[in-house]
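See structure below.
The values are calculated or read from the model by the stated rules, or taken from the named source; none is laboratory data. The model shown is predicted, which means the values in this text are computed figures rather than measured ones. We place every Cβ from the backbone using ideal geometry, glycine too, and count neighbours over all the protein chains shown. For the accessible areas, the whole protein counts, side chains as well, though only heavy atoms, and no ligand, DNA or RNA atoms are used. Shrake-Rupley method; radii C 1.70, N 1.55, O 1.52, S 1.80 Å.
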Amino acid sequence: PSGMALQHAFRYNYPEVTDSVILVNVGARSTQLLFSESDRYYLRSLAIGGNAVTEAVAEELRIDFNSAETLKVQVLSGKSDLPAASPARAAVHRASATFAARLQLEIMRSTVNHRRQSGANAPVAIYLTGGGSLIADLPAVLAEKLKLRVERYEPLRSVDVSADARAAG
């Protein structure tokens, strides 16, 4: 159901996009890849999510999961007061780089398999969504490695929202 909802929301918000694209919904526990082309789509779930970064940080620094999650969010959002050379900051950056590399490989592998099985066209872009997609370097890493345009998915792009609601968001 969530994959179908994402497909319908994408078609509503981006009606002009008819080329083959991949929507990458990075959640805490898993990532959904939605291959979309015109009215056709294919959904694949990957057993990798943002919690992989948190778990790697917790393991490396030997701290509990909640502390690692707080640290991850602070460092990746730029709201951490840790020094640049801090081992904790370095652990978060290593874990997020490892996550991005693994995700890139899974997207590449899934794309090759999808195209081989369905005869679909090569994707021209990736749209990122989900909480785990907020890792700052993720779009640049995916764009560089996959040689595709990578953008953040705008779920309210075609939705009329009042000025007060936009200001609050």
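What to note about this one:
- Per the listing 90, 101, 97, the residue uniquely in a helix (DSSP H, G or I), without any contact (Cβ under 8 Å) to a residue 24 or more places away in the chain, farther than 23 Å from residue 2 by Cα and open to solvent by less than 90 Å² (accessible area, probe 1.4 Å) is 90.
- Listed conditions (1) surrounded by 19 or more Cβ atoms within 10 Å (Cβ to Cβ); (2) among the aliphatic types (A, V, I, L, M); (3) more than 18 Å from residue 105 (Cβ to Cβ); (4) modelled with pLDDT of 90 or more are all met by residue 43, apart from (1).
- Each residue in the range 118-159 was checked for being closer than 27 Å to residue 52 by Cβ and open to solvent by 50 Å² or more (accessible area, probe 1.4 Å), and 13 of them qualify.
- Scanning the range 139-168 for residues that are in a helix (DSSP H, G or I), among the aliphatic types (A, V, I, L, M) and at pLDDT 90 or above yields a total of 5.
- Residues within the range 62-87 that are over 20 Å from residue 137 (Cβ atoms) and exposed (fewer than 11 other Cβ atoms within 10 Å of the Cβ), tallied: 4
- Here residue 162 meets each of (1) touching a Pro at 6+ places or on another chain (Cβ under 6 Å); (2) open to solvent by 50 Å² or more (accessible area, probe 1.4 Å) with one exception, condition (1).
- Condition check for residue 136: in contact with a helix residue (DSSP H, G or I) (Cβ under 8 Å, 6 or more places away or on another chain), hydrophobic (A, V, I, L, M, F, W, C), closer than 30 Å to residue 62 by Cβ and in a helix (DSSP H, G or I): no
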